[in-house]
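Working notes for the structure below.
The values are calculated or read from the model by the stated rules, or taken from the named source; none is laboratory data. Everything quoted here is computed from the prediction, not taken from an experiment. Here the Cβ positions follow ideal geometry from the backbone for every residue, glycine too, while neighbour counts run over all protein chains shown.
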Amino acid sequence: MSTPKRKWNLQAKDQQGNDISAQISAEFEMLIRLTRLDEIAPGRVSFLLLASLLGGYKAGTINPSSVAREIDSLEKNEQTGLKPARRLRRPPLKNLWHKHYMRSDIGSLAENVQNALEKYGIPVVEQKIREAEEAGEARYFSAEDVPQIVNDVIHGNWQRRRQAQKLTGEWIVFAKHEGQNYYLTLATHDKSTHGMVRQQIDTYCCREFPFLGQLLAN
């Protein structure tokens, strides 16, 4: 498959002032091939999102395949266990949409486990308590019970949250236009960063996708 014509002209220099444009462009093309984004959403993935993916990949905080998987699910209207896409209704990202993707760090696991604990508790413990009460016996937890409890806290609650389509992560920000999705950038839940995200969208994405100007002005 031939490399499609890109909507950006990438120019980059290293700290010594050497031109590394070709090297960085090659890294972008490798990332696109590995994630199959040209096949999943041809011509509808912004330079800004790709730059976020490449930077996150190099820093070890983002698995680009996880982001590509969620984009693919949106294109196919499929569920992955993460929260479904929702429209953003407040400035500065009003009229755009967001879809959760899973981060590649322990914090993502911890956040989902904590949310599941608040929702579901520890069902295996509650079951053992009920069984003891029904039997009219005083029973105590032992070291042998720990692996089962830990498994229910982490794996069990993770699966319950996944089946409910409630797994949470960070955001893929995208726009809808003429029946298609245009994938713009990555963002977090932190509202204090959304002004900067909007500035980046205005600077980069509106040049690639001119319809955004009117969409964001409404």
Check: Restricting attention to segment 179-200, and to residues there that are touching a residue at least 24 places away in the same chain (Cβ under 8 Å) and either in contact with a Gly (Cβ under 8 Å, 6 or more places away or on another chain) or in a helix (DSSP H, G or I) (or both), which single residue is nearest to Leu215 (Cα to Cα)?
Finding: Arg198
Next item on the list: Can you confirm whether segment 56-73 contains a residue that is more than 19 Å from Glu170 (Cβ to Cβ) and out of contact with any strand residue (DSSP E or B) (no Cβ under 7 Å at 6 or more places or on another chain)?
Entry: no
Next item on the list: Give just the number: which of (1) closer than 23 Å to Ala187 by Cβ; (2) at pLDDT below 95; (3) assigned by TED's automatic domain parsing to the domain that holds Val173; (4) surrounded by fewer than 19 Cβ atoms within 10 Å (Cβ to Cβ) does Trp8 not satisfy?
Entry: (3)
Checklist line | For Gly156: the one exception among (1) more than 27 Å from Gly121 (Cα to Cα); (2) of a type in the set (Gly, Ala, Ser); (3) free of Cβ contacts under 8 Å to residues at least 60 places away in the same chain | finding: (1)
Next item on the list: For Asp38, indicate whether it is closer than 12 Å to Ile172 by Cβ, part of a helix (DSSP H, G or I), charged (D, E, K, R) and touching a helix residue (DSSP H, G or I) at 6+ places or on another chain (Cβ under 7 Å).
Entry: no
Check: Just a yes or no: is a residue in segment 105-116 surrounded by fewer than 16 Cβ atoms within 10 Å (Cβ to Cβ) and either within 29 Å of Leu212 (Cβ to Cβ) or at pLDDT 95 or above (or both)?
Finding: no
Notebook entry, point to check: Looking only at residues in segment 181-209 that are buried (at least 18 other Cβ atoms within 10 Å of the Cβ) and of a type in the set (Ser, Thr, Tyr), which one is farthest from Gly56 (Cα to Cα)?
Noted result: Tyr182
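The rows are residues; the columns are (1) acidic (Asp, Glu); (2) assigned to a loop (DSSP other than H, G, I, E, B).
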| residue | (1), (2) |
| --- | --- |
| Trp8 | no, yes |
| Glu27 | yes, no |
| Asp72 | yes, no |
| Pro91 | no, yes |
| Leu109 | no, no |
Check: For segment 11-57, how many residues meet the condition of being at positive phi and modelled with pLDDT of 95 or more?
Finding: 1
Margin query: Every residue in segment 62-102 that is farther than 23 Å from Gln159 by Cα and surrounded by fewer than 18 Cβ atoms within 10 Å (Cβ to Cβ), please.
Written below: Glu75, Arg87, Leu88, Arg89, Arg90, Pro91, Pro92, Lys94, Asn95
Check: If a residue has to be closer than 25 Å to Lys99 by Cβ and either acidic (Asp, Glu) or part of a helix (DSSP H, G or I) (or both) to count, how many in segment 147-178 make the cut?
Finding: 11
Margin query: For the condition in the same structural domain as Glu208 (by TED's automatic domain parsing), touching a residue at least 40 places away in the same chain (Cβ under 8 Å) and touching a helix residue (DSSP H, G or I) at 6+ places or on another chain (Cβ under 9 Å), what is the one hit in Ser52, Ser65?
Written below: Ser52
Next item on the list: Only one of these is of a type outside the set (A, V, I, L, M) and over 20 Å from Glu78 (Cα atoms): Gln180, Gln199, Gln165. Name it.
Entry: Gln199
Next item on the list: Could you please find all residues in segment 69-95 being under 18 Å from Pro42 (Cα atoms) and in contact with a Phe, Trp or Tyr (Cβ under 9 Å, 6 or more places away or on another chain)?
Entry: Arg69, Glu70, Ile71, Leu74
